[in-house]
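Structure, as structure tokens:
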């Protein structure tokens with residue numbers, strides 16, 4: 001059973017006696033996406049692995065007292081960010097920077113990479129972001145050229161997407177613990193396909209990407225969608241997948257999110273690739 005307990009709730013499942021589970025905190029509360037519907041999925045997917053305890057911290061609503069929002073991060077191993085809203089206080093921003101740089105984990109889900117365009121450290125953590133008036137001053141695009149991801153500093157907006165559709169995701173790193181054992185290509189459920197993201201792009205390792213077709217009002221480029229990068233001693237997993245419930249129910253989102261969260265906590269992945277992981281011809285979803 002999953003329960004939500006106020007602004008800092010708890011979620012636990014039984015595990016083997018003596019086994020230490022990683023402690024995850026999901027931050028939500030403001031987003032231009034349906035966070036109240038998607039956070040329970042993010043909770044459940046981590047709980048189902050048996051590897052995590054999961055708590056939720058919900059910020060004040062837009063226009064609320066953000067200065068009063070300062071949950072204690074020290075008890076957690078990883079923060080999952082399902083937030084895109086008003087700036088936090090400088091004090092909590094400092095807590096967050098220290099949390100990740102000291103060796104903890106950060107998972108950035110979809111529109112969370114739209115947040116905090118003017119927070120330098122946050123943009124270094126996520127590598128690439130969109131919207132929020134991001135442009136060439138925010139950093140380069142990453143473009144796939146002759147098999148390598150290279151920075152492109154041409155002027156232009158940061159962040160857009162075409163018409164939602166199901167699309168093929170292509171593996172770009174077969175040896176990373178998160179993606180090892182996954183198929184070379186798979187079909188992801190109907191979702192936004194983020195394009196033209198830009199940012200500091202330092203030490204970004206692209207794990208998977210998808211082509212954004214012009215006929216779907218996209219960029220006409222291969223776009224990075226799943227990536228990892230270090231921040232200080234910490235690890236960051238950034239997925240652009242997961243616009244809403246339908247997209248998050250796609251098995252590939254679930255599995256890469258679960259594996260990515262384990263990796264930022266432990267530096268390894270123990271989860272097996274499930275039999276229902278999709279191939280490139282059929283979307284697989286879980287209700």
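Rank these for me by crowding, 253, 92, going from fewest to most other beta carbons within 10 Å.
Working: 253 27, 92 18.
Result, fewest neighbours first: 92, 253.
Among 169-179, 64-74, how do they line up from the highest to the lowest mean number of other beta-carbon atoms within 10 Å? Before the final figure, lay out the partial values.
Numbers: 169-179: 18.7, 64-74: 13.7.
Ranked by mean Cβ neighbours within 10 Å, highest first: 169-179, 64-74.
In terms of packing, defined here as the mean over residues of other Cβ atoms within 10 angstrom, the peptides 146-154, 94-102 line up highest first as 94-102, 146-154. Estimated purely from DSSP H runs of n ≥ 4, each contributing -39500 (n - 2.57), the mean residue ellipticity at 222 nm for the chain is -5500 deg cm²/dmol once divided by its residues.
Which of 235, 198, 157 comes first, and how do the rest follow, when ranked by fewest Cβ neighbours within 10 Å?
Numbers: 235 22, 198 27, 157 14.
Going from sparsest to densest Cβ surroundings: 157, 235, 198.
Only the coordinates and a few stated rules stand behind these numbers; no lab work does. All values derive from a computational prediction rather than experimental measurement. Note that each Cβ is placed from the backbone with ideal geometry, even for glycine, and that neighbours are counted across all protein chains shown.
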